[in-house]
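Asker: For reference, the structure I am asking about is given below.
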2 protein chains.
Amino acid sequence: MTSRDGYQWTPETGLTQGVPSLGVISPPTNIEDTDKGGPWDVIVIGGGYCGLTATRDLTVAAGFKTLLLEARDRIGGRSWSSNIDGYPYEMGGTWVHWHQSHVWREITRYKMHNALSPSFNFSRGVNHFQLRTNPTTSTYMTHEAEDELLRSALHKFTNVDGANGRTVLPFPHDMFYVPEFRKYDEMSYAERIDQIRDELSLNERSSLEAFILLCSGGTLENSSFGEFLHWWAMSGYTYQGCMDCLISYKFTDGQSAFARKFWEEAVGTGRLGYVFGCPVRSVNEIGGNGVTVTARDGREFFAKRVVCTIPLNVLSTIQFSPALSTERISAMQAGHVNMCTKVHAEVDNKDMRSWTGIAYPFNKLCYAIGDGTTPAGNTHLVCFGTDANHIQPDEDVRETLKAVGQLAPGKFGVKRLVFHNWVKDEFAKGAWFFSRPGMVSECLQGLREKHWGVVFANSDWALGWRSFIDGAIEEGTRAARVVLEELGTKREVKARL
Amino acid sequence: MTSRDGYQWTPETGLTQGVPSLGVISPPTNIEDTDKGGPWDVIVIGGGYCGLTATRDLTVAAGFKTLLLEARDRIGGRSWSSNIDGYPYEMGGTWVHWHQSHVWREITRYKMHNALSPSFNFSRGVNHFQLRTNPTTSTYMTHEAEDELLRSALHKFTNVDGANGRTVLPFPHDMFYVPEFRKYDEMSYAERIDQIRDELSLNERSSLEAFILLCSGGTLENSSFGEFLHWWAMSGYTYQGCMDCLISYKFTDGQSAFARKFWEEAVGTGRLGYVFGCPVRSVNEIGGNGVTVTARDGREFFAKRVVCTIPLNVLSTIQFSPALSTERISAMQAGHVNMCTKVHAEVDNKDMRSWTGIAYPFNKLCYAIGDGTTPAGNTHLVCFGTDANHIQPDEDVRETLKAVGQLAPGKFGVKRLVFHNWVKDEFAKGAWFFSRPGMVSECLQGLREKHWGVVFANSDWALGWRSFIDGAIEEGTRAARVVLEELGTKREVKARL
């Protein structure tokens, strides 16, 4: 099946919109337009991992009659894969690790712990790191030297307490356990770099900036240093932990195969109704008795509770009644900063499999790695750009090809590009969440609060691996529990003993 | 409530058996002796974390009428806490971390992520590490020097591949992804130490041996090097990762409060029957139609499926019909090696809060840390011994007090001891699982297999954090899934759409 999302370019076809994905659901609904299949116990808005987890838990564990409304033609939200000629390209979200509790619990539960592959493979080929800080020169290093460069830079960046952040953020799920952590949350990347600028070599500074912008997708000025420390603490307070958790292990056949496990378990209960291609216009509480959800096409659906998994940057496109809290509105209006561009390139140099590169700040794609070998024997590079030097990859493919080429000039020809434009995607308006300075201190609690009959759940305001697949599952789990605790007590539990 | 398990000693009371615990269940059953409350869908044997997880998932998610049979008077199995004068002592199992996927998923699900405390507190007091390799001398070091000593020793120990074990065990949940890993699994601690003996300083060797025996609870000869590498890989291949995951963060009020969350959720369904104080004598398959479980007191219970969570070292006390597989029998007869002794001591020196110590090989307790400050203002030390120099802590309290005292001679008086003798406990016959050389290669798969209508589940044969609370939850989750997949398809799913 082909999704409307995503783009592909080859020299033969030029740019085409829409790529195949296991995540596309067809037919797009299992309920009749006329009767809408109600009454529903719960409506879940959004079929990303958060919505999928909530839907699964509500149908399977709680036995609720649940309706899933999804604006797109596929499951996965900001995290999905496209299989092209038998090879998986991760359009958004890729890596998982056994230190990510919620996603790993599901990976073992679905027996996919042996369906993972390493992204890095340094066993043959060029086997080096290419650092480019201007368009005309490259510095080549071993991967050991790359690790040491980034380790050194990141330890300087995070070492606010002589303990690499451990004492200021000892429990990352409880961010303000040490109240003074607020000052780091309020600090921008740029402000923190300014504090350590005399300690950083030129190469350390370039690599550091490229790496932390890879994490935030924003700019040095609009990305929160505290949010990076949160990723760092979740990863175990080390550079190696970051590499392991953030960019090392992926699903061998692409993650949409994983997302389908949740989907199939929920569908298998016979209690799931769903409508894809159904963007929501408004969500209205009906005097404490339930919630009406109105689609853009005018269809109305009613349920006792709603789980709304719409991302932060999209929430302001929906009308809510009663009005949302000022905390939530303030966060929605500010939005998160992640305007990441992720571009896959299939290149005709086998030896690039063991290549990694940074081209910063001059290039529109600043960080890339050899991520696999395609069935044609070419190397698959995954390349990232950020809002600090932004590109809309679909608007001028020659510019996109140039940015790919500038990562390692003269070393390859491009056979294929695959990407999605998350910034222009009206149902995402950006990539994974990354906080502005002060945003988490001010808004995290408010974003997690229930609003009448609506439970807001999204990886954007998870406590742990916020922004990750893991955080989406954390939030979906929480949302289903909230609904179960409220509605469960209203159901008669028949003691069968 | 007071459990029959555990011992307490004070100068005033002497040794007394039985300690209070939140895990004690009273009354011990909710079914009538005469009708046994059947028929049951599933019988779960054992109320440790594995059995509790299976019970919860079977009653809540699957809606099965489930009977829990537990030999003891309490939940928690080998992992429970005693609260004495308002202070928690962890009798077996203590530490958790956000890198342990299954337990952390439950911690966030039950909103206990802010109910944790650090074990180490180096903010005041002696603030040193005391290394004793003979009864007459002590070497004092800073904790930084302690970390460097153990880091260096453990890196030499694990560095079989120039990458600290990463290349031989890249996916710890898939232990034989690299088939040659088998040779490390077959290697004993002693054999590995022999390979690196010329690289280790005397202090490194003593500290290394004490640390790895702390992990295995066995001897250098009977503990598998590969099993240690598995812990190491799960921890992220670093000493700091081990310290973080193994011994840093615990439940502020003791873990039995956590275990009760599973219990209360299951009881709340109205579908759980339970009998505590009910050891099982035999488990008999009835011609493919179901399973009869016979208690020691002669009561018989029947269900469609049985989840048997009895630990490896106890399995041979139960009669199974049909006979178990030769792989399982072989593993049962060999048993795992962990004969750990864990002794809590309340000592009258406040300054010991920031103390850590190793006393090895001469002392019966080889590794200890300051783990808290009691309500009386004393320091709580947690002390460990292993089978390499074993003590039965209840048999001669003077010897136990001497072993505690020898950790830091002349530095404190003992106000209280709290412990359980896991080795003499007929329902444990040892502490957490630790593999003999070759045992995992030979038996892991066989231990995980279903036997007719009986699903065997225990942390002893988990794939991930085997031996940990996390592994127990992993296994309980798996067992409930297996039963659900089998029985679920036999139930009529009424499509309500």
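The values are calculated or read from the model by the stated rules, or taken from the named source; none is laboratory data. Everything numeric in this text was worked out from a predicted model, so none of it was measured. Methodologically, a virtual Cβ is constructed for each residue, glycine included, from the backbone with ideal geometry; neighbour enumeration extends over all protein chains shown. In case anyone asks, the SASA skips ligands and DNA or RNA and just uses the protein heavy atoms, side chains included. Shrake-Rupley method; radii C 1.70, N 1.55, O 1.52, S 1.80 Å.
Asker: The conditions are (1) in contact with a strand residue (DSSP E or B) (Cβ under 7 Å, 6 or more places away or on another chain); (2) within 30 Å of A:Tyr87 (Cβ to Cβ), and A:Arg398 fails exactly one of them. Which is it?
Answerer: A:Arg398 satisfies every listed condition except (1).
Asker: Do we find that A:Phe251 is within 14 Å of chain B (Cβ to nearest Cβ) and touching a residue at least 40 places away in the same chain (Cβ under 8 Å) in this structure?
Answerer: Yes, satisfied.
Asker: Is it true that B:Arg74 is away from chain A (no Cβ under 14 Å), in contact (Cβ under 8 Å) with a residue 40 or more places away in the chain and open to solvent by less than 50 Å² (accessible area, probe 1.4 Å)?
Answerer: Yes; evaluated as a whole, the condition is true for this residue.
Asker: Which of (1) touching a Cys at 6+ places or on another chain (Cβ under 6 Å); (2) closer than 16 Å to A:Phe384 by Cα is the odd one out, the single condition A:Asn458 does not satisfy?
Answerer: (2)
Asker: For the structure I just gave you, tell me whether A:Val60 is modelled with pLDDT under 95 and within 14 Å of chain B (Cβ to nearest Cβ).
Answerer: In short, yes.
Asker: Pick out the one residue from A:Gly413, A:Gly488 that is touching a residue at least 24 places away in the same chain (Cβ under 8 Å), under 30 Å from B:Lys65 (Cβ atoms) and small (Gly, Ala, Ser).
Answerer: A:Gly488
Asker: If a residue has to be surrounded by fewer than 24 Cβ atoms within 10 Å (Cβ to Cβ), part of a loop (DSSP other than H, G, I, E, B) and polar (S, T, N, Q) to count, how many in the range A:363-419 make the cut?
Answerer: Within the range A:363-419, residues that are surrounded by fewer than 24 Cβ atoms within 10 Å (Cβ to Cβ), part of a loop (DSSP other than H, G, I, E, B) and polar (S, T, N, Q) number 4.
Asker: Next question. Please determine whether any residue of the range B:320-329 is open to solvent by less than 10 Å² (accessible area, probe 1.4 Å) and at pLDDT 95 or above.
Answerer: Yes: the range B:320-329 contains one or more residues that are open to solvent by less than 10 Å² (accessible area, probe 1.4 Å) and at pLDDT 95 or above.
Asker: Please tell me if B:Ala323 is free of Cβ contacts under 8 Å to residues at least 60 places away in the same chain, farther than 30 Å from B:Leu202 by Cα and part of a loop (DSSP other than H, G, I, E, B).
Answerer: yes
Asker: Please enumerate the residues belonging to the range A:137-159 that are open to solvent by 30 Å² or more (accessible area, probe 1.4 Å), touching a strand residue (DSSP E or B) at 6+ places or on another chain (Cβ under 8 Å) and outside any strand (DSSP E or B).
Answerer: A:Thr142, A:Ala145
Asker: Limited to the range A:119-134, what total is found for residues that are of a type in the set (Phe, Trp, Tyr) and in a loop (DSSP other than H, G, I, E, B)?
Answerer: Looking only at that region, the number is 2.
Asker: Let me ask another. For A:Gly63, indicate whether it is open to solvent by 10 Å² or more (accessible area, probe 1.4 Å), on the phi > 0 side of the Ramachandran plot and assigned to a loop (DSSP other than H, G, I, E, B).
Answerer: yes
Asker: What's the number of the only condition in (1) buried (at least 22 other Cβ atoms within 10 Å of the Cβ); (2) closer than 21 Å to B:Ile469 by Cα that B:Ala257 fails to meet?
Answerer: (1)
Asker: Quick check on A:Pro39: is it open to solvent by 40 Å² or more (accessible area, probe 1.4 Å) and closer than 24 Å to B:Val60 by Cβ?
Answerer: yes
Asker: Which of the residues spanning the range B:310-320 are assigned to a loop (DSSP other than H, G, I, E, B) and without any contact (Cβ under 8 Å) to a residue 40 or more places away in the chain?
Answerer: B:Ile318
Asker: So, in the range A:340-362, how many residues would count as being of a type in the set (A, V, I, L, M, F, W, C), over 19 Å from the mean Cα position of the chain (by Cα) and in a loop (DSSP other than H, G, I, E, B)?
Answerer: Qualifying residue count, the range A:340-362: 2.
Asker: Looking only at the range B:439-457, which residues are more than 12 Å from chain A (Cβ to nearest Cβ) and open to solvent by 10 Å² or more (accessible area, probe 1.4 Å)?
Answerer: B:Met439, B:Ser441, B:Glu442, B:Leu444, B:Gln445, B:Glu449, B:Lys450, B:His451, B:Trp452
Asker: Next question, about the same structure. Taking the range B:238-248, which residues are more than 9 Å from chain A (Cβ to nearest Cβ) and touching a Lys or Arg at 6+ places or on another chain (Cβ under 8 Å)?
Answerer: Of everything in the range B:238-248, just one residue is more than 9 Å from chain A (Cβ to nearest Cβ) and touching a Lys or Arg at 6+ places or on another chain (Cβ under 8 Å), namely B:Tyr239.
Asker: Look through A:Val307, A:Val337 and report the one residue that is touching a residue at least 60 places away in the same chain (Cβ under 8 Å), within 23 Å of the chain's Cα centre (by Cα) and part of a strand (DSSP E or B).
Answerer: A:Val307
Asker: Can you tell which of A:Glu285, A:Glu227 is touching a residue at least 12 places away in the same chain (Cβ under 8 Å), open to solvent by 10 Å² or more (accessible area, probe 1.4 Å), at negative phi and of a type in the set (Asp, Glu)?
Answerer: On inspection, the qualifying residue turns out to be A:Glu285.
Asker: Among the residues of the range A:132-144, is any of a type in the set (Val, Ile, Thr) and within 14 Å of chain B (Cβ to nearest Cβ)?
Answerer: The answer is yes; a qualifying residue exists.
Asker: Going by what's in this entry, would A:Asn127 be described as more than 26 Å from B:Asp147 (Cα to Cα), more than 14 Å from chain B (Cβ to nearest Cβ), in contact with a helix residue (DSSP H, G or I) (Cβ under 8 Å, 6 or more places away or on another chain) and polar (S, T, N, Q)?
Answerer: Yes: the conditions hold for A:Asn127.
Asker: For the range A:103-113, how many residues meet the condition of being more than 7 Å from chain B (Cβ to nearest Cβ) and open to solvent by 10 Å² or more (accessible area, probe 1.4 Å)?
Answerer: Within the range A:103-113, residues that are more than 7 Å from chain B (Cβ to nearest Cβ) and open to solvent by 10 Å² or more (accessible area, probe 1.4 Å) number 3.
Asker: Given the criteria over 18 Å from B:Gly92 (Cα atoms), buried (at least 18 other Cβ atoms within 10 Å of the Cβ) and within 14 Å of another protein chain (Cβ to nearest Cβ), does B:Ser235 qualify?
Answerer: Answer is yes for this residue.
Asker: Something else: Taking the condition of being at negative phi, in contact with a helix residue (DSSP H, G or I) (Cβ under 7 Å, 6 or more places away or on another chain), outside any strand (DSSP E or B) and more than 8 Å from every other protein chain (Cβ to nearest Cβ), how many residues in the range A:90-102 meet it?
Answerer: 2
Asker: So how many residues does the range B:14-26 have that are loosely packed, with under 15 Cβ neighbours inside 10 Å and either part of a strand (DSSP E or B) or within 14 Å of chain A (Cβ to nearest Cβ) (or both)?
Answerer: Within the range B:14-26, residues that are loosely packed, with under 15 Cβ neighbours inside 10 Å and either part of a strand (DSSP E or B) or within 14 Å of chain A (Cβ to nearest Cβ) (or both) number 3.
Asker: Right, next: Just wondering, is there one or more residues in the range B:426-443 that are outside any loop (DSSP other than H, G, I, E, B) and under 19 Å from B:Gly125 (Cβ atoms)?
Answerer: no
Asker: Next up: Of all residues in the range B:160-202, count the ones that are of a type in the set (S, T, N, Q), in a loop (DSSP other than H, G, I, E, B) and surrounded by fewer than 18 Cβ atoms within 10 Å (Cβ to Cβ).
Answerer: Qualifying residue count for the region: 2.
Asker: Test A:Leu58 against the criterion of being crowded, with 24+ Cβ neighbours inside 10 Å and under 21 Å from the mean Cα position of the chain (by Cα), and give yes or no.
Answerer: no
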